[in-house]
Amino acid sequence: MASAQKIVNELKKQEITHAVGVPDNGSARIYELLRAEPGIEVITVTREGEAFAIASGLYVGGKRPTIIIQNTGFLESGDAIRGTVVNMRVPVVVFIGYRGYHNRDEDGQWIDSVATFLEPTLKAWNLPYEMLETDADIPCIQRAFEKTASTSLPAAVLLIGHAT
């Protein structure tokens with residue numbers, strides 16, 4: 001599992017001003033640490049689609065937000081993603097909890113169907129992504145921010161497991 005503190009430290013290096021989203025079991029510790037950071041405002045929303053609109057507004061207002069949600073909410077947010085961060089060319093990094101990634105049956109098939117849809121959806125929408133499972137993967141956060149800066153489009157970091 002990746003260290004939530006190391007993830008937050010990297011977000012601070014990237015000079016984010018806001019974390020927007022819906023906390024879940026996998027991201028709860030990240031949100032807890034972000035709330036303790038004086039230079040970062042945490043905005044929780046009721047639906048994940050709202051996170052994309054709010055992050056877009058923050059970006060237009062000169063802020064540097066990131067979005068932290070789970071894969072179920074990401075899939076619910078399709079039109080918000082298209083209509084805001086993609087159409088408006090908002091360079092936001094989206095952290096997506098990969099619920100169900102490790103839950104497979106004896107035949108290797110995913111038990112939770114949401115795990116089967118996440119990566120194909122990201123590929124269909126042409127959204128670049130990398131997986132973050134251990135502390136060794138922390139550099140993918142910087143690469144995601146670099147990708148968004150060079151394309152003016154979103155990029156995703158898939159959070160595997162619970163950040164500790």
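The values are calculated or read from the model by the stated rules, or taken from the named source; none is laboratory data. Quick caveat: nothing in here was measured; it's all calculated off a predicted structure. Every residue, glycine as well, gets a Cβ built from its backbone with ideal geometry; the counts of neighbours run over all protein chains shown.
Among the residues of the range 44-66, just one is touching a helix residue (DSSP H, G or I) at 6+ places or on another chain (Cβ under 6 Å), over 14 Å from R89 (Cα atoms) and among the small types (G, A, S), namely G49.
Screening the range 125-147 for residues that are part of a loop (DSSP other than H, G, I, E, B) and not hydrophobic (A, V, I, L, M, F, W, C) and picking the one that is farthest from Y101 (Cα to Cα) gives N126. Considering only residues in the range 148-158 that are hydroxyl-bearing (S, T, Y) and part of a helix (DSSP H, G or I), the one that is nearest to Q5 (Cα to Cα) turns out to be T148. The single condition among (1) in contact with a Leu (Cβ under 9 Å, 6 or more places away or on another chain); (2) in a helix (DSSP H, G or I); (3) at pLDDT below 95 that T116 does not meet is (1). Pairing each residue of the range 148-164 that is in contact (Cβ under 8 Å) with a residue 60 or more places away in the chain and under 14 Å from I96 (Cβ atoms) with any residue that is among the polar types (S, T, N, Q) and in a helix (DSSP H, G or I), provided the two are 6+ apart or on different chains, yields C-beta distances under 7 Å for P154/T148; A155/T148. Return only the number of the condition from (1) charged (D, E, K, R); (2) modelled with pLDDT under 95; (3) more than 21 Å from S27 (Cα to Cα) that R99 does not satisfy. Checking R99 against (1) charged (D, E, K, R); (2) modelled with pLDDT under 95; (3) more than 21 Å from S27 (Cα to Cα), the one that fails is (3). Across the range 106-150, the qualifying residues are those that are of a type in the set (D, E, K, R) and more than 22 Å from N25 (Cα to Cα), and the one among them that is surrounded by the most Cβ atoms within 10 Å (Cβ to Cβ) is K147.
Scanning the range 99-132 for residues that are of a type in the set (S, T, N, Q) and in contact with a Phe, Trp or Tyr (Cβ under 8 Å, 6 or more places away or on another chain) turns up N103, T116, T121. If you go through the range 43-81 and keep only what is of a type in the set (S, T, N, Q) and in contact (Cβ under 8 Å) with a residue 40 or more places away in the chain, you end up with T66, Q70, N71, T72.
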